[in-house]
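J.: What follows is a structure written as structure tokens; I'll ask about it next.
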Amino acid sequence: MTEKSDGEGRTGLLNGFAAYGMWGLVPLFWPLLKPAGAAEILAHRMVWSLAFVVVALLVVRRWAWAGELLRQPRRLALIVVAAAVITVNWGVYIWAVNSGHVVEASLGYFINPLVTIAMGVLILKERLRPVQWAAVCTGAASVLVLTLGYGRPPWISLCLAFSFATYGLVKKKVDLGGVESLAAETAVQFLPALAYLLWLGAHGEATFTSGGAGHAALLASTGLVTALPLVCFGAAAIRVPLSTLGLLQYLAPVFQFLLGVVYFHESMPAERWAGFALVWLALSLLTWDGLRSARRAARARARLGAAAPRPAPGPRVSSPSSSDSAPAVEA
């Protein structure tokens, strides 16, 4: 039993590393799709993602959720909101990477946990612990420092952080699995995206038809690039603790940041380093507080389990195969 659970844990960790690793390295992929613009890439991502997840759902034969969803107008409305928000997120990210703003894009996913906490306070009226307040305030200070460094607010980072935090909030309300949720969202996106691609084709501006077979294959693979990390994430989420996933999530922006600085050679003057240092300090505080809180909760559960009263022994009906661990049968 222990070997099985250890194996499950290793499988979950490998899937987690794979998911966040792919998300972290995806800035290497989007430039390969040039000369397609960000809008065309985004439209292809929507269309081919739906095709990929439909095939995946056909393989696993999971369709019951679709009928239930269609009978729930409120959840359908939330799916539309989620589709709109993730469209903004995807579009801004693709444009940022292909326009030389990989570092600023990575910042968006560094500050996303802080934005999520702030939204929890403002929207869900959640109460923060002192260390969480310190992390949020440090994150706000980092945005001010980076605003001075960039000479403008880091709007790419803020747009990515707020759109993804909103997306997470809506997805929590929808309560669908990863692949099912992606299928529902891309079903909403599909017709507008397809209409845009047909319009590009009618005006002779579609690179899908003019860029050759290799370029067309790369555009079609946007569905795989979108869905495969999500499948790995789903496999990780059911096998490893949330605290572990919370630590793994920082892999993606770390990889993106390193790619921006080392591979794409984006400039990092001193004030930007200072801003990022404040962000990393805020995340360190947040992670430390989360791990401390999780340990306290685990100890509290252990104490409650140890203090729980045991049932009083009563007469037992014995059988030749009964043992000391057999359940008691009340008279």
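J.: At pLDDT 85 or above, surrounded by fewer than 16 Cβ atoms within 10 Å (Cβ to Cβ) and within 27 Å of PRO154 (Cα to Cα), is that true of VAL225?
T.: Considered against the rule, which asks whether it is at pLDDT 85 or above, surrounded by fewer than 16 Cβ atoms within 10 Å (Cβ to Cβ) and within 27 Å of PRO154 (Cα to Cα), VAL225 comes out as no.
J.: What is the residue count in the stretch 269-280 for residues that are in contact with a helix residue (DSSP H, G or I) (Cβ under 7 Å, 6 or more places away or on another chain), closer than 20 Å to LEU160 by Cα and open to solvent by 30 Å² or more (accessible area, probe 1.4 Å)?
T.: 2
J.: Condition first: open to solvent by 10 Å² or more (accessible area, probe 1.4 Å), over 13 Å from LEU42 (Cβ atoms), of a type outside the set (S, T, N, Q) and over 13 Å from the mean Cα position of the chain (by Cα). Now tell me which residues in the stretch 85-110 satisfy that.
T.: VAL85, GLY100, HIS101
J.: Kindly list, by first and then second residue, each pair from a residue in the stretch 254-265 that is more than 17 Å from ILE111 (Cβ to Cβ) to a residue that is of a type in the set (Val, Ile, Thr) and in a helix (DSSP H, G or I), limited to pairs with Cβ atoms under 9 Å and residues at least 6 apart or on different chains.
T.: Final answer for the pair search is LEU259/VAL102; LEU259/VAL103; VAL261/VAL102; VAL261/VAL103; TYR263/VAL102; PHE264/VAL97; PHE264/VAL102; PHE264/VAL103.
J.: Another one. Enumerate the helices (runs of 4 or more DSSP H) found wholly within the stretch 240-331, keeping only those where 2 or more residues are under 26 Å from VAL102 (Cβ atoms), modelled with pLDDT under 75 and not β-branched (Val, Ile, Thr).
T.: Hits in the stretch 240-331: 242-248.
J.: Of all residues in the stretch 62-81, which are touching a residue at least 24 places away in the same chain (Cβ under 8 Å) and assigned to a loop (DSSP other than H, G, I, E, B)?
T.: Across the stretch 62-81, the qualifying residue is only ARG62.
J.: Which of (1) among the hydrophobic types (A, V, I, L, M, F, W, C); (2) touching a residue at least 60 places away in the same chain (Cβ under 8 Å); (3) assigned to a helix (DSSP H, G or I) does VAL59 not meet, given it meets every other one?
T.: Only one criterion is unmet by VAL59, namely (2).
J.: If you take the residues in the stretch 55-81 that are more than 20 Å from HIS44 (Cβ to Cβ) and among the small types (Gly, Ala, Ser), which one is most open to solvent (accessible area, probe 1.4 Å)?
T.: ALA64
J.: Take the stretch 39-84 and flag every residue that is over 30 Å from LEU200 (Cα atoms) and either in contact with a strand residue (DSSP E or B) (Cβ under 8 Å, 6 or more places away or on another chain) or among the charged types (D, E, K, R) (or both).
T.: ARG61, ARG62, GLU68, ARG71, ARG74, ARG75
J.: Of the conditions (1) modelled with pLDDT of 90 or more; (2) under 30 Å from VAL55 (Cα atoms); (3) open to solvent by 60 Å² or more (accessible area, probe 1.4 Å); (4) not aliphatic (A, V, I, L, M), SER210 clears all except one; give me its number.
T.: Condition not satisfied by SER210: (1).
J.: Exactly one condition in (1) touching a residue at least 12 places away in the same chain (Cβ under 8 Å); (2) open to solvent by 30 Å² or more (accessible area, probe 1.4 Å); (3) of a type in the set (Lys, Arg) is not met by ARG45; state its number.
T.: (2)
The values are calculated or read from the model by the stated rules, or taken from the named source; none is laboratory data. It should be emphasised that the depicted structure is a prediction, and the values quoted were computed from it without experimental measurement. As a convention, Cβ positions derive from the backbone with ideal geometry for all residues, glycine included, and neighbour counts pool all protein chains shown. Surface areas here come from the heavy atoms of the whole protein model, side chains and all, with no ligands, DNA or RNA. Shrake-Rupley method; radii C 1.70, N 1.55, O 1.52, S 1.80 Å.
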